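One structure below.
We did not get these values from a lab; they are worked out from the coordinates using the rules stated. Because the structure is predicted, anything quoted here is derived from the model rather than measured. FYI the Cβ positions are ideal-geometry reconstructions off the backbone, even for glycines, and counts take in every protein chain you see.
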Amino acid sequence: MSDLSPSSALPALNNLDECEPKKMTIAAYSGDPRMSESDKVTFQNAKFGEVTIERGNVLSFPYGLPGFERHRDYGLVEVEEEVPFIRLLALNEPRLAFVLVNPMLLWPEYDPDIGQEALQSLGIGQPEHLAVYCIVTLSSEPGQVTANLRGPICINTETMQAKQMILVDERYHTRHSIMEASSQEA
């Protein structure tokens, strides 16, 4: 069995900056080989070249992400060598991409106070329709790789609508060390 700890994926994430662009087909979650081409979305990415994903793996941010409001549609891309990290690639801007992680994998006690009104704005009425991810800031130094727990991305898994929430919770900040979290987990 391969090591799927966050620290084992860090070198792969950092090495991808040096990858040659190539055609890449990725089934981010569950793939059905009977899907037609119309069930897929193809777009360009500066690091990965041409990327094809299932339409169900397209996230829509109705208001964009803070600082990137013009870019509203992103592909969720899982690269096997980077698990548990996920790439969030803008569909209309090849150079815009983020790395995400499910914070519960690193910080099981993570319990953001997300208001009911915020969840309703995404159409989330049931807890099982909510997925939470945090943006990761990469560094050439693995000890400097951090996650933004103050600004979780909430996803309605039924509609694939998403929004980055800004928490007013002093327990969380924008730079939680992933290496520290994974060493505490071990």
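Which residues does a label at residue 93 reach in segment 134-177, if reach means a backbone N under 16 Å from a point 7 Å past the Cα toward the Cβ? Of the residues in segment 134-177, 164 have backbone N under 16 Å from the label point off residue 93.
Arrange the peptides 108-114, 71-77 so that the one whose residues have, on average, the most other Cβ atoms within 10 Å appears first. Could you put the intermediate results ahead of the total?
Values: 108-114: 13.4, 71-77: 20.7.
Order by mean packing, descending: 71-77, 108-114.
One Cα centroid belongs to segment 52-67, the other to segment 151-186; the line between them spans 17 Å. Annotation: amide H-H contacts under 5 Å for residue 137 (H modelled 1.01 Å from N, sequence separation of 5 or more, or interchain): 146, 147, 148.
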